[in-house]
1. Based on this model, can you work out whether Thr310 counts as more than 16 Å from the ligand (Cβ to nearest atom) and farther than 22 Å from Thr164 by Cβ?
2. Determine which single condition Ala68 fails, assuming it passes every other condition in (1) open to solvent by 10 Å² or more (accessible area, probe 1.4 Å); (2) closer than 30 Å to Ala205 by Cα.
3. Looking at the structure I just gave you, is Ala241 within 16 Å of the ligand (Cβ to nearest atom) and modelled with pLDDT of 95 or more?
4. Does the range 319-327 include one or more residues that are among the acidic types (Asp, Glu), more than 16 Å from the ligand (Cβ to nearest atom) and over 21 Å from the mean Cα position of the chain (by Cα)?
5. Only one of (1) without any contact (Cβ under 8 Å) to a residue 40 or more places away in the chain; (2) closer than 25 Å to Leu195 by Cα; (3) hydroxyl-bearing (Ser, Thr, Tyr) fails for Thr60. Which number is that?
6. If you take the residues of the range 336-366 that are of a type in the set (D, E, K, R), open to solvent by 80 Å² or more (accessible area, probe 1.4 Å) and in contact (Cβ under 8 Å) with a residue 40 or more places away in the chain, which of them is nearest to the ligand (Cβ to nearest atom)?
7. Please work out if Pro331 is within 26 Å of Val202 (Cα to Cα) and under 16 Å from the mean Cα position of the chain (by Cα).
8. Could you list, in sequence order, the residues of the range 112-131 that are open to solvent by 20 Å² or more (accessible area, probe 1.4 Å) and of a type in the set (Gly, Ala, Ser)?
Amino acid sequence: EKGGFDHFMLKEIYEQPSVIKDTYRGRLLADQGIVRLGGLEDHIEKFLNADRIIIVACGTSWHAGLVAEYIFEDLTRIPVEVEYASEFRYRNPIISEKDVVIAISQSGETADTLAAIKLAKSKGAFVFGICNVVGSTISRETHSGSYTHAGPEIGVASTKAFTTQITVLTMMALRLAKAKGTISNSAYMLYLRELELIPDQVQEALLSEDKIKEISAVFKDARNFLYLGRGYNFPVALEGALKLKEISYIHAEGYPAAEMKHGPIALIDEHMPVVVIAIKSEHYEKVVSNIQEIKARKGKIIAVVSKGDTAVRDMADYVIEVPHTPEALTPLVTTIPLQLLSYHIAVLLDKNVDQPRNLAKSVTVE
Ligand code: F6R
């Protein structure tokens, strides 16, 4: 049942190239310049007329929502807010019929997300669900939605659900940007073609597993980790830290790289591994200087870099390469090494990877 893998989590990490393809199959027709999600097409006016989009979710699904905030605002110019479902529902939030709420949930059963949906509906908002489990409560309680088609996710730590959620959200952003005229035709066509290539690039990113195993052996006894990223990769840093906490029980924090100097840099010493997403992007130079600041304080750098990078290689203690893709799509590839790192550290520490202590696959209590 684990298909030759030692754990469901590893099997699910390796399924990502094929499930991302399943998620866009029949929906993304790059040659014809078409992105079509049934649940979106049926209600596209709601999105086009929305004053703003509010995304509600918990945990890893909330991180997918944060990635979506970047891509939606960037491409569609619709204001987006991303909320922890548990905070949103108890805050007496301002919601109206002009708002569109997107609820993201792998299981489709998360109590707080469900309660946030009910609240939004009671205020007249249109609610769109992105779920993995077909027929789940959230998929039934929303006005419309799109499934992620990741297949059953058994490992408690979410992996393929995250990347397929981002795939759906990216397709939505592209479709809406096209409809709103906020994207040039050439950029639109480029994104479609690049999104179609993502499964191959995820496959390529998986080739770093042996190297990541070696890095895991070096750092498995660390008591704390920092994860840094900027822009689209800030939420990836949060997700990397969450994965490590969940399955290895090592304390980890994700931060936007530029926030380092506002506090966390005080933590840096020779015992602190810092995972930095330092891919070629708008923020590259800035992230490189963050790496220098960490090295000056003897921190240990594990950098996720773009293939062929040389500048970071000279500074970092360890580098893991990922293939090139436009910045908006990079979370789909930069997430992969972070999943593998947390997996291998947990295995080396002999933890129960698929069923970490104190956690349940679906959180049906608040
Ligand atoms: C992390 C994880 C949790 C879930 C969260 C939301 O690996 O699994 O943080 O992401 O409980 O669950 P869903 O997406 O089912 O609503």
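The values are calculated or read from the model by the stated rules, or taken from the named source; none is laboratory data. All figures in this text were calculated on a predicted structure; none of them were measured in a lab. No Cβ is skipped: glycine too gets one built from the backbone with ideal geometry, and neighbour counts run over all protein chains shown. Areas reflect the complete protein model, heavy atoms only, side chains present, ligands, DNA and RNA absent. Shrake-Rupley method; radii C 1.70, N 1.55, O 1.52, S 1.80 Å.
1. Details: more than 16 Å from the ligand (Cβ to nearest atom): yes; farther than 22 Å from Thr164 by Cβ: yes.
The answer is yes for Thr310.
2. (1)
3. Spelling it out, Ala241 is indeed within 16 Å of the ligand (Cβ to nearest atom) and modelled with pLDDT of 95 or more.
4. Among the residues of the range 319-327, not one is among the acidic types (Asp, Glu), more than 16 Å from the ligand (Cβ to nearest atom) and over 21 Å from the mean Cα position of the chain (by Cα), which makes the answer no.
5. Failing condition for Thr60: (1).
6. Let us first name the residues in the range 336-366 that are of a type in the set (D, E, K, R), namely 350-351, 354, 357, 361, 366.
So of that shortlist, the ones also open to solvent by 80 Å² or more (accessible area, probe 1.4 Å) come out as 350, 357, 366.
Checking which are in contact (Cβ under 8 Å) with a residue 40 or more places away in the chain leaves us with 357, 366.
Numbers: Arg357: 14, Glu366: 12 Å.
Here the residue is Glu366.
7. Criteria met by Pro331.
8. Ala115, Ser122, Gly124, listed by residue number.
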